[in-house]
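Asks: First, the structure itself, so that you have it in front of you.
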Amino acid sequence: MRMADPGQRPRTPPVPPRALQRRRAGNTAIVLLGLASVGVLGAELFIRRELHFSFEGWLGFYAWFGFAVGLALVLPARWLGRLLGRAEDHYD
């Protein structure tokens, strides 16, 4: 048995990546999200809703509206974080 040099750390076996850390997991999640989106959009063709405004009848209106509201929340929050944030070395 060979002894390791005192300055070197012993080798540890590699740890396998967790399920969500694998590269394929991200691609799988994107594909599943896309399929779910297409399924919901397809189901919208068969659902009758009581419309209050004419634009609510547009195909995919609620998806676009949700996306726009999400952007309206996230983008200002990022800008506000940059404005109020401290430098990385602030406490050093």
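The values are calculated or read from the model by the stated rules, or taken from the named source; none is laboratory data. The shown structure was predicted, so the numbers you read here are calculated from the model rather than taken from an experiment. Cβ: placed from backbone, ideal geometry, glycine included. Neighbour counts: every protein chain shown.
Asks: In the stretch 14-61, how many are assigned to a loop (DSSP other than H, G, I, E, B), at pLDDT 85 or above and surrounded by 10 or more Cβ atoms within 10 Å (Cβ to Cβ)?
Replies: Count: 2.
Asks: Could you list, ordered by first residue, the pairs with Cβ atoms under 6 Å in which the first is in the stretch 25-41 and within 16 Å of Gly66 (Cβ to Cβ) and of a type outside the set (Lys, Arg) and the second is modelled with pLDDT under 85 and surrounded by 12 or more Cβ atoms within 10 Å (Cβ to Cβ), at least 6 apart or interchain?
Replies: Leu41/Gly60
Asks: Return the total of residues in the stretch 23-68 being in contact with a Leu (Cβ under 9 Å, 6 or more places away or on another chain) and of a type in the set (Gly, Ala, Ser).
Replies: 5
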